[in-house]
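Okay, so here's the structure we're looking at.
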Amino acid sequence: MITETQTLNASILIVDDQASNVQLLEQLLAEAGYTHVASTMKPTEVFSLHRKNHYDLILLDLQMPIMDGFQVMEGLKTNDADGYLPVLVITAQPGHKLRALQAGARDFISKPFDLIEVKTRIRNMLEVRLLYKRLEDYNKELERTVQERTAELRESEARYRSLTELASDWYWEQDETGRFTKVSGPVLEMLGMQVEAFEGTSTDVKPGGWNESDRAALRATITARQPFLDFVYHRVNDDGTQQQFRVSGEPMFNQTGRFRGYRGIGVEVPSAN
C-alpha cells in the first residue's frame, strides 16, 4: 500500500496561465499537506521541467494562449520516459473532457473548482501513479535479478566444467534424448563410439566387450534420472585386454523443472585384473 507520507511527498506541477488559479491550487495543496509543489504559467516550459523533475502529477489547464493543454499533452507523450502520462486536466468546457481523456489525460477537474472534488481526484490519481511507479521499479529489479542470476549460473557452469575437465579424463553432456551435446577428452573412443556418432544423430554404444550387468545398472540409474558417483564399469577389448572406468554424473533440469539431460565426468582406472 502507498503510505500517507509517500503521497504527501509526491512531486506536483501546476500549469495554468491564470495567476489566481495557480495561487488557489498552491494554497489548497499546501493546506492538504503536500510538500513538493511547483508551478509555471508558461506551457512551453512543461517539457523541460518534467524531463528534469519527473513529476508524479501535472495539473494542466486546457485553455491557454500560445500552447493549449492538448498540445502540451502531445509533447509530453514523446518526452515521458516511463510510459505513463501523469496529467490531470483542468477545464471549464464539458465538451473538452472526453477529448482530453482520449488525448492521454488520466482524469479531469472542472471549473469552477469544487475543493473537495479537487483534493479527492488529486489524491486518487497520485495513489495510482505511485503504485504504477512501484510496479515499474519492481519489474526493473526483477529483470536485473534475473540477469544477475543468469550470469552467475553461466559463470558457475563454466567454472564447474573447467574444474571437472582438470580432475578427469573426460567431461560430457547429453540432452534429454541421450545425444551427446558436449564432449571434452576421449570419451567417445572410451565408450567405443565413432566420432561421427557425436557429429551426427546416432549415439548408440557398441555392445561388444561391455559388462552387461554394469551397463544395466547404469542405464537404470539414468532412466530414473538419479545422480551417480564413482560408478565403476568394465570393458573387455577385442585383443583381450580389460579396461575399467569410474564415472560420475548428474541430471540437468531447466528453471521450470523440465529434465534436459545429463552431465558428468569419467576417468580410466587400473583394472583389478
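The values are calculated or read from the model by the stated rules, or taken from the named source; none is laboratory data. Owing to the predicted nature of the structure, the values given are computational and were not obtained by experimental measurement. All Cβ positions, glycine included, derive from the backbone under ideal geometry; neighbour counts span all protein chains shown.
Listed conditions (1) out of contact with any Leu (no Cβ under 9 Å at 6 or more places or on another chain); (2) crowded, with 16+ Cβ neighbours inside 10 Å are all met by residue 111, apart from (2). Assess whether residue 202 counts as being in a loop (DSSP other than H, G, I, E, B), modelled with pLDDT under 80 and surrounded by 12 or more Cβ atoms within 10 Å (Cβ to Cβ). In short, no. Taking (1) surrounded by fewer than 16 Cβ atoms within 10 Å (Cβ to Cβ); (2) closer than 18 Å to residue 105 by Cα in turn, residue 55 satisfies each apart from (1).
Of everything in region 37-49 that is out of contact with any helix residue (DSSP H, G or I) (no Cβ under 6 Å at 6 or more places or on another chain) and surrounded by 15 or more Cβ atoms within 10 Å (Cβ to Cβ), the residue that is farthest from residue 140 (Cα to Cα) is 41. Scan region 83-134 for residues that are under 19 Å from residue 10 (Cα atoms), in contact with a helix residue (DSSP H, G or I) (Cβ under 8 Å, 6 or more places away or on another chain) and of a type in the set (D, E, K, R) and the total you get is 5. Just one residue in the set 44, 78 is polar (S, T, N, Q), more than 14 Å from residue 13 (Cα to Cα) and free of Cβ contacts under 8 Å to residues at least 60 places away in the same chain; that residue is 78.
Has region 126-146 got at least one residue that is more than 32 Å from the chain's Cα centre (by Cα) and basic (Lys, Arg)? The answer is no; no qualifying residue exists. Scanning region 1-23 for residues that are under 25 Å from residue 65 (Cα atoms) and either hydroxyl-bearing (Ser, Thr, Tyr) or surrounded by fewer than 17 Cβ atoms within 10 Å (Cβ to Cβ) (or both) yields 18, 19, 20, 23. Under the condition of being surrounded by 13 or more Cβ atoms within 10 Å (Cβ to Cβ) and either without any contact (Cβ under 8 Å) to a residue 12 or more places away in the chain or closer than 18 Å to residue 211 by Cβ (or both), the residues counted in region 254-273 number 5.
Residue under question is residue 80, and the condition is that it be under 30 Å from residue 137 (Cβ atoms), modelled with pLDDT under 85 and either among the hydroxyl-bearing types (Ser, Thr, Tyr) or in the same structural domain as residue 11 (by TED's automatic domain parsing) (or both); does it hold?
Yes.
Scoring residue 229 on the criteria (1) part of a strand (DSSP E or B); (2) surrounded by 11 or more Cβ atoms within 10 Å (Cβ to Cβ); (3) of a type in the set (A, V, I, L, M, F, W, C) leaves a single failure, condition (2).
Just for region 221-238: of the residues that are of a type in the set (D, E, K, R) and modelled with pLDDT of 80 or more, which one is nearest to residue 173 (Cα to Cα)?
225
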